[in-house]
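Notes for the one structure printed next.
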Amino acid sequence: MKHVRLHILLLIVSSLLYSEGSSQWKKIADFPAIISSIYVKNTPGGSKAIFVGLDNLGLFSSFDNGKNWIHDSTISNDITQYAIITDFAFKDSLVGWLSLLSDFSDTVSCCYKTTNGGISWLPSGPNRAGRGIYYNPISDRVCVSTWRGDLTCSSDEGATWQDYPISSSNGYALTSRSCLYGRIKN
C-alpha cells in the first residue's frame with residue numbers, strides 16, 4: 001500500500017511539473033531512501049518549490065522545478081535516524097511547517113517551521129510523534145495530529161501549543177496509518 005501511495009504522489013508531482021507543453025514523463029530525481037511525503041508549492045518567481053521527506057534521511061528541497069536538490073542539514077542532524085517526515089502545510093509563500101514521526105518522539109520536536117519559504121527549518125513543536133499537520137486559514141491555527149491519538153494546535157505560528165483531546169474536537173483526526181477518528185457535534 002505504501003508503494004502505491006508513493007507512485008500516486010510521484011505521478012501528481014510529475015504532472016504538476018511537466019504538464020505545461022510536455023507530454024513525456026521525465027525522471028526528475030533519484031533519492032537515497034524511500035519517499036515518505038511530497039509537497040509542491042508555487043514560488044514568487046513562477047517556478048515550483050518541491051519538498052520531499054525521506055524515511056530516516058530528512059528533507060530534500062528544490063526551488064527550480066526539480067533541477068537541483070538541497071539536503072536540509074538542520075533536520076537531518078536533529079533526527080539522525082529512525083524518523084519520517086509525514087506531512088507539510090504552508091500558511092503563505094514564506095511560513096510553513098512539516099510534521100515528523102520519530103522513534104525518539106519524546107526528545108525530538110514533532111514539528112519544524114520555516115519562515116523563508118522552506119530554505120531553512122527550525123524545531124517548533126512539542127516532543128511527540130507527528131502524524132499529520134494542517135494550517136487552517138479561517139482560525140489562523142496550525143494543528144498536528146499525533147500517533148498518541150491527540151491533536152495539538154498553535155494560534156501563534158508554533159510559539160506555544162495546546163492539546164485538544166479528540167473527545168472535545170469537531171472534525172476528523174488521522175492518528176495512525178489505519179485509524180481515523182471523527183466527531184461532529186450537533
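Laboratory data are not the source of any read-out in this text; all were calculated from the coordinates shown. Not measured: the values here are computed from a predicted model. Here Cβ is always computed from backbone atoms with ideal geometry, including for glycine, and neighbour counts include all displayed protein chains.
Mind ordering 27-40, 88-101 by average Cβ neighbours within 10 Å, highest first?
With the highest mean Cβ count within 10 Å placed first, the list reads 88-101, 27-40.
Under a Cβ-Cβ cut-off of 13 Å, what is the net charge of the residues other than ILE28 that fall near it, where Lys and Arg count +1 and Asp and Glu count -1?
Residues close to ILE28 contribute a combined charge of +2.
Could you compute the net charge surrounding SER120? Neighbours are other residues with a C-beta less than 11 Å from the C-beta of SER120; K and R count +1, D and E count -1.
Once positives and negatives cancel, what remains is 0.
What is the local net charge at PHE90, summed over the other residues whose Cβ is closer than 15 Å to its Cβ (Lys, Arg +1; Asp, Glu -1)?
With Lys, Arg at +1 and Asp, Glu at -1, the net is +1.
Take the residue pairs LYS27/LYS91; LYS48/LYS91; LYS67/LYS91; LYS26/LYS67; LYS26/LYS48 and return only those whose Cα atoms are more than 22 Å apart.
Cα-Cα > 22 Å for LYS27/LYS91; LYS67/LYS91; rest within.
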